[in-house]
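The values are calculated or read from the model by the stated rules, or taken from the named source; none is laboratory data. Since we're looking at a predicted model, the values are computed, not measured. Because the Cβ atoms are built from the backbone with ideal geometry, glycine has one as well, and the counts that use them run over all protein chains shown. Heads up: the accessible areas ignore ligands, DNA and RNA and are worked out on the full protein's heavy atoms, side chains in. Shrake-Rupley method; radii C 1.70, N 1.55, O 1.52, S 1.80 Å.
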Amino acid sequence: MKLTRRNFIATVVGGVAGIQVTPLPWKFTDDVAIWTQNWPWVPVPPTGEFSEVSSVCNLCPGGCGISVRKVDNRAVKIEGRPDYPVNAGGICPVGMGGLQLLYNESLRFTGPMKRVGMRGSGEFQNISWDDAFRIIAGRISALRKSGRPEAIAAVDGNREGTTASALIERLMQAVGSPNYVRLPSLSDTYRMGNIVMEGRDAPVAYDLENSDFVLSFGCGLLEGWGAPGRVMNAWGMWHDANPAKRKTHIVQVESRASNTASKADLWVAPRPGTDAALALGLAHVIIRSGKYDAGFVAEHTFGFEDWQSTDGRPHSGFKTLVLKNYSPEQVSKITGVRPDVMVKLAAAFRLAKAPVAIYGKGKNDLNGSLYEFMAVQSLNALTGRINRPGGVLLPDPIPLNPLPYFERDDIASQGLKKPRLDRGGTQEYPFTQSLISNFADAINRSPKSPIDTLMVFSANPAFTLPDGGAFKNALAKIPFVVSFSPYRDETANMADLILPDCTYLEKMDDMVWPVGLQYPFYGLSKPVVKPIYDTRNCGDTVIEMAKAIGESVGSAFPWEGFEDVVKERAKGLYDAGGGRVSFDRAAPAWKPQNPKAGDKPGYNSFDDMWKKLMAGGLWYRPLDQAREWPWLFKTPSGQFEFYSQLIDQAIQRASAKDLRIAVRDDAACMAHYATPTSTANRSDYPLSMMPYEMINLASGWIPSPPFLYKTLPDTQLLKETSFAAVNPKTAAKYGLKQGDLVAVQSPVGEVQARIDLFGGAMPDIVYMPVGFGHTGYDEFLKGKGVNPNAIVQAEQDPVTGYPVWWNTRVKLVKV
């Protein structure tokens, strides 16, 4: 055939068509795929016997039950447990991705190590556990012998009340140092609020599942607040597929159109930091209407009406304060929320059969404001929603046994008389147990660090603290830092010695009362697999370290291992009587129980209970009816206090000025709004920056499973750059468009991000996601985006001293 242009084109087209029809290229592609699967470096799923192991996730304070599927000895999948009362099968994305934190050697320390490179370089060399104990025990013993036990400090990121936390605090007591420091969290805000208003040192308990109107002030219900599995199950129940069966109304109060706000029945957007004013504005409407629960207020509260103290001094009550200062018109000027919106919202809340107002800030990792919490809780009291089904419940604390008393030696006794470096618990901060921001500030202000040896447990404060890098600067000044982290995080990379903990899938650990849960709950995890590397349960490490220190320190730890301590504490659950160690999904724990039915624990001895607790990983008391009122509140008045006499007493011991309370009258003892202060010049820094959290990105000390980065839209992370969300009107004011690279500058530093034009952002606010900007971990997490905590200039919250991290002034400069 003569080759012409026409024939050439016909041949090529025919060839292409033939290739598409013939099976040969597809067979070739299949062979290539099979061949590449046999490359030696490609991971191959194991073959073998399948099994399921039940445990508890402790990647966040939610304490969800998990079921881990194994093939022989390798874990291959994590799912939520349907036989667990907290989450009943629900699980969040971080929990689902937990296997990547177990098997990723690049994320983890594989054994004890000591630093050989520069601080922060992450260069370490392997050492034995015996050498590691010799180094740390020798250093602590030397400081004690020189009469300086207070130069030893510990930063503890474990949840308060857990056995690991109790052991670490006991170690510091035995050593003789008062410098035991915890990281601030939302649970601390709840605890302080409950103390000053109810006299109860107990967690907050919101009966969400039995409520028909949830008024959420800032809680990221779909971003990971509380126990994520529990809240997602509740959300599904609230939003029944049949609209006729829907009985729960959701209102979200926050300045940004978060996932929760976007899916709520109503989104109310006040200016950041004005939630207290809005709550008090709603209280004003309810009081003015005369439709508050007068019976509850008269019988069970103190300080609602004006009153006179025993010394003859007249005091204004909550009613007077609210009616005078928080009319809808006054509050509208503060919050930007229209008065008519407040009036309608207050009426809807008041008319609901079982409403509840809940308070939070995103997830649970960052603290809130004490006075904001008091304002929201006052709204619950005003409508009689305390100790009522569907409201705020007041269950007893979990009856765990305390650790036994031990005799301190003279060195420890003298060291514990020294003042705390962070001034926690003093007249200046009467309700705050510890203040890590003050701790870092004291070190940074001193010519020489007053702390010689710092131990860091289950925490990454160099990354997670909203302090503009203050803690990282303090780390650089401390002569010797010891990290017990299983991960190569930013704080661990600054350490001199690594004694790595196991991950949560390799060890026993306990979970005490998940955040916000309405009934007492104790969870117990167990090893799903044996430790993959040369790591040890941190509880065992603390016990062995104490014994290596010797002297009287070791005698304060008579146990053989961590499990013995957990078992000793759990004996209190049995001695208290009642409580269940198994769960029937047909009888949800949140459904009120019939008192006549009694509590059938399902065990007949402590050994039987312990065996079943180890197997099932749970102990709980199902929700019962509202408790009897006598002695329920432990305040000076024996009632719920709108006017906190404990705050009043603290002011009398010190002064409102020493406590840095903005108001000087009776309002200091009640919920009130005070304009946030900032040392930044507003003309130089005209915008505010608000960090925000996401459910598919870890923002605490736990690293994000790398696969989760694939779930992020390119308006949050694009290649190596994260985004700052701003309102289009704000962007136009500064000549910015979608995708522009800008420097977000604050008085303490700057980070670079791209602009995301977001209609759900409040004008003049810059919103930046928390969880990006790592300099530690592996190549998949390192260098992705920026960390907004690095530029936070946080003022201190009055009374508590915790950082007001939602009030940083910034400006945008186009790069």
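Just a few scattered comments:
- In percent, rounded to a whole number, the relative contact order of segment 687-814 is 34, using alpha-carbon pairs under 8 Å and six or more apart.
- The chain - percent of accessible surface contributed by carbon and sulfur, probe 1.4 Å: 54
- Of interest is the spacing of the C-alpha centroids, which for segment 322-397 and segment 627-702 amounts to 15 Å.
- Looking at the chain, the DSSP beta bridges with both ends there are about 55 percent antiparallel.
- Only Lys, Arg (+1) and Asp, Glu (-1) charged, at Cβ; the chain dipole about Cα centre in debye: 1940
- Within straight-line cross-link reach of residue 145, aspartates and glutamates at Cα separation under 17 Å, skipping those fewer than 8 residues along the same chain: 409, 410, 452, 551
- Alpha-carbon centroids, segment 543-570 and segment 442-491: separation in whole Å: 26
- Cα lying deepest toward the dipole's positive end in the chain, options 71, 453, 478, charges on Cβ: 71
- Under 19 Å from residue 719, Cα to Cα: aspartates and glutamates that are on another chain or at least 8 residues apart: 740, 756, 778, 779
- Comparing 800, 734, 704 along the charge dipole axis of segment 687-814, the residue lying farthest to the positive side is 734, per the Cβ-charge model.
- Descending by average beta-carbon neighbour count within 10 Å, the peptides 515-526, 706-717 line up as 515-526, 706-717, the highest first.
- Distance between the C-alpha centres of segment 233-306 and segment 492-542: 37 Å, rounded to the whole angstrom.
- Relative contact order (percent, whole number), the chain, Cα cutoff 8 Å, 6+ residue spacing: 17
- The mean sequence distance of close C-alpha pairs (under 8 Å, at least 6 residues apart), as a share of the length of segment 50-102, puts its relative contact order at 28 percent.
- With the charge dipole of the chain set up from +1 on Lys and Arg Cβ and -1 on Asp and Glu Cβ about the Cα centre, the Cα lying farthest toward the positive end among the listed residues 397, 316, 176 is that of 316.
- Residues of type lysines that residue 600 reaches as a straight line, Cα spacing below 20 Å, ignoring anything fewer than 8 places off in the same chain: 571, 591, 611, 612
- The stretch between residue 576 and residue 126 holds 157.3 nm of extra length on full extension. This uses 0.36 nm per residue minus the Cα-Cα distance.
- Burial order of peptide ranges 432-445, 691-704 (average beta-carbon count within 10 Å, highest first): 691-704, 432-445
- Per residue accessible area in Å² of the chain, where ligands, DNA and RNA are left out and the probe is 1.4 Å: 40
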